[in-house]
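Report on one structure; see the data block that follows.
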């Protein structure tokens, strides 16, 4: 599974200088690679990473790990310290010395093997390419739950400033000793359901000089939560960021409607960043419009649809009127133009994990695979979870059935309580049918539905998007 896990520790702001700020990143990609008769086997879906030293490549294991430093640290960052932390799951008894070496080239979690780094590219050296002089040592035992910590300050500094080409921090972890069956060790991977045990990179930034935001959020205020007992969540497909049914591009018109609905969280599909649809940085446009219209600070996380997180293109956007505790982006494996954005907020003492995605418009079978992947990924994410998006499927389709295994459909829950509202002639349809949803996890203990509403946004017969917005009000207790 390609797991886009970027945990931000509320650290980077628009200020000119940042002193001694620390952030923690969970691994974006990781996988074991194994030689010999397993040299073409991919282990990207495994919940464990492995290391072992052997004279026979069939038994040799190494672990490839990547962190998205390029997305949260500018090239001018001065790294005071960086630690790569793995959590031991088990293994054989011998205490061993491991090496974590910088990897100068990319790899894909769902493709990487002993021979290949992705579906079309081989490692130059079977078993993984590393920078021989950029390695760090650490000692590991077989004690389950113990931590293995590598000092990788130098490697991360080089990665961030682009010394390896790309600015992503990548490592290959292997056993530095001789052949030994007892050298075998297991670690938790990014597929582990216990996120606290997933590989992480803890980076302390001594100072950074920059004139523009390095994350998708603006400066953090002194508080990052609220004691409000209701949470208003708005879901809307914007039709390329604000092209109305009259064919006119007008983000201001759409933002005005958002403000009228008074949401606390806004989940938007088809937001464009410097494309032919408006040729604007729409995540920034909508943040600024909401700030000017509400007098509040808004925060956002944007996930470009092809997984090129720092690139221009269409994607999914979350806007929140409280800061995010951390954010993540996820690239769906099935069909390379789908993504999800995630942000965790604190609301009335509860952590709320917000996720917005957009499923395939053409194929029911593809939507089912994507829905299955989304539910698998979200299984390990923290409660309480709210999943929204244009799912491009009516409630009776298989992809919605898959989502309903793990989530409640808030509109249906509100309808059963008599608190689902629409307007004359509308029964919850957001386009030609009900295809836009606000789900919440069946495992959530702090969320319940107060009401849900589909809004009539017509003015003079014109809507600001070809979709209608839906808003659910949750009790947070």
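May I ask you to verify whether residue 95 is within 21 Å of residue 148 (Cβ to Cβ) and free of Cβ contacts under 8 Å to residues at least 60 places away in the same chain?
On the way: within 21 Å of residue 148 (Cβ to Cβ): yes; free of Cβ contacts under 8 Å to residues at least 60 places away in the same chain: yes.
Answer is yes for this residue.
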Check on residue 452, crowded, with 20+ Cβ neighbours inside 10 Å and in the same structural domain as residue 391 (by TED's automatic domain parsing): yes
With (1) out of contact with any helix residue (DSSP H, G or I) (no Cβ under 7 Å at 6 or more places or on another chain); (2) at pLDDT 95 or above as the list, and residue 212 as the residue in question, which single condition is left unmet? (2)
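Looking at this structure, is residue 296 modelled with pLDDT under 95, in the same structural domain as residue 339 (by TED's automatic domain parsing), closer than 24 Å to residue 457 by Cβ and loosely packed, with under 14 Cβ neighbours inside 10 Å? Working first, answer last.
Working: modelled with pLDDT under 95: yes; in the same structural domain as residue 339 (by TED's automatic domain parsing): yes; closer than 24 Å to residue 457 by Cβ: yes; loosely packed, with under 14 Cβ neighbours inside 10 Å: yes.
So residue 296 fits the description; yes.
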Got a number for residues in region 235-260 being crowded, with 17+ Cβ neighbours inside 10 Å and either under 25 Å from residue 410 (Cα atoms) or touching a strand residue (DSSP E or B) at 6+ places or on another chain (Cβ under 7 Å) (or both)? 15
Scanning region 176-208 residue by residue, the ones that are more than 27 Å from the chain's Cα centre (by Cα) and crowded, with 24+ Cβ neighbours inside 10 Å total 2
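For region 37-63, which residues satisfy the criterion of being outside any loop (DSSP other than H, G, I, E, B) and under 16 Å from residue 183 (Cβ atoms)? Quick ask: steps written out before the conclusion?
Step one: list which residues in region 37-63 are outside any loop (DSSP other than H, G, I, E, B), which gives 37-38, 48-52, 61-63.
Passing the criteria: 48, 49, 50, 51, 52, 61, 62, 63.
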For region 92-110, enumerate the residues that are within 30 Å of the chain's Cα centre (by Cα) and assigned to a strand (DSSP E or B). 98, 99, 100, 101, 102
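Does residue 136 satisfy the criteria of being in contact with a helix residue (DSSP H, G or I) (Cβ under 9 Å, 6 or more places away or on another chain), in the same structural domain as residue 25 (by TED's automatic domain parsing) and either in a strand (DSSP E or B) or surrounded by 15 or more Cβ atoms within 10 Å (Cβ to Cβ) (or both)?
yes
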When residue 280 is run through (1) under 25 Å from residue 437 (Cβ atoms); (2) modelled with pLDDT of 95 or more, the failure sits at (1)
Some residue of region 424-437 being in a strand (DSSP E or B), within 28 Å of the chain's Cα centre (by Cα), in the same structural domain as residue 399 (by TED's automatic domain parsing) and modelled with pLDDT of 95 or more: yes
Among (1) touching a helix residue (DSSP H, G or I) at 6+ places or on another chain (Cβ under 6 Å); (2) closer than 20 Å to residue 25 by Cα, where does residue 403 come up short? (2)
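The values are calculated or read from the model by the stated rules, or taken from the named source; none is laboratory data. In this text, all values refer to a predicted model and were calculated from it rather than measured experimentally. Ideal geometry is used to build each Cβ from the backbone, glycine not excepted, and the neighbour counts take in all protein chains shown.
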